[in-house]
1. Any residue that is surrounded by fewer than 18 Cβ atoms within 10 Å (Cβ to Cβ), on the phi < 0 side of the Ramachandran plot and touching a Lys or Arg at 6+ places or on another chain (Cβ under 9 Å) - is there at least one of those in segment 47-59?
2. For residues in segment 29-38 being at pLDDT 85 or above and surrounded by 17 or more Cβ atoms within 10 Å (Cβ to Cβ), which is farthest from Gly62 (Cα to Cα)?
3. Those residues that are in contact (Cβ under 8 Å) with a residue 24 or more places away in the chain and surrounded by fewer than 19 Cβ atoms within 10 Å (Cβ to Cβ), I need them from segment 17-28; list them, please.
Amino acid sequence: GTASVSTDTAAVRMLRETGRRMVSALESYMKSHNMSSALSGLSWEFQLVKSSEVNAFCLPSGKIVFYEGILNYADTPDYIAAVMGHEMAHAIARHGNERMSQQAALNLIGNTASEVIGARKGATAQSLFNIGFGLGTQAGVMLPYSRKHEYEADKIGVYIMELAGYDINAAPEFWERMTQGRSSDTNDFLSTHPSNTKRIKALKEVIKTKSAL
């Protein structure tokens, strides 16, 4: 059956406000670096679906869908921003002519917030995310990304959170909450977003490097 839109108006408002604030910070940042074209074709939209499933995904158009179940873990704007930033990163940095490669996205968004990541990575800008969006199932859920893609989406997500003024420490905390809760739920989010101690460690490294600047 098709999922219906959530009637939880407070949750919908929190989701949309967080999304708009992040998009607006990202857009003004890109504009100030003459990179707005990298966001062309994205019509950002934030939808909350009535379902106890723990899931969230992003379509190539920039439409980001959260399921009510994930709000058990992402129950504050900072945690929502952690999920949102990660999903936005998947949309910005995808393989395609008018879309940046993920390496370029990392370089660009990374330079502002820190100058650390990206610059060290050597000049080979690969087009990542070329596994693309496997739009198969009813709502268009994505194929699992490789671990490398996931780590880089994590980093970009942290940068977008920072641009928008959210607490970036919420990102590793969110994954810790997800990992602890994983046995009790039918947790679809973790099947497409592998969560593990390595990911949490990598996120903490990003944050540590950034705050050392």
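1. No, every residue in segment 47-59 fails to be surrounded by fewer than 18 Cβ atoms within 10 Å (Cβ to Cβ), on the phi < 0 side of the Ramachandran plot and touching a Lys or Arg at 6+ places or on another chain (Cβ under 9 Å).
2. Within segment 29-38, the match that is farthest from Gly62 (Cα to Cα) is Tyr29.
3. We begin by selecting, within segment 17-28, every residue in contact (Cβ under 8 Å) with a residue 24 or more places away in the chain; these are 17-26.
Scanning segment 17-28 gives Glu17, Arg20, Arg21, Ser24, Ala25.
Per-residue answers, yes or no, for (1) farther than 24 Å from Ala171 by Cα; (2) modelled with pLDDT of 85 or more; (3) crowded, with 17+ Cβ neighbours inside 10 Å; (4) not hydroxyl-bearing (Ser, Thr, Tyr):
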site	(1), (2), (3), (4)
Ser6	yes, yes, yes, no
Arg13	no, yes, no, yes
Trp44	no, yes, yes, yes
Val83	no, yes, yes, yes
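The values are calculated or read from the model by the stated rules, or taken from the named source; none is laboratory data. It should be emphasised that the depicted structure is a prediction, and the values quoted were computed from it without experimental measurement. Glycine also receives a Cβ, built like all others from the backbone with ideal geometry; neighbour counts cover every protein chain displayed.
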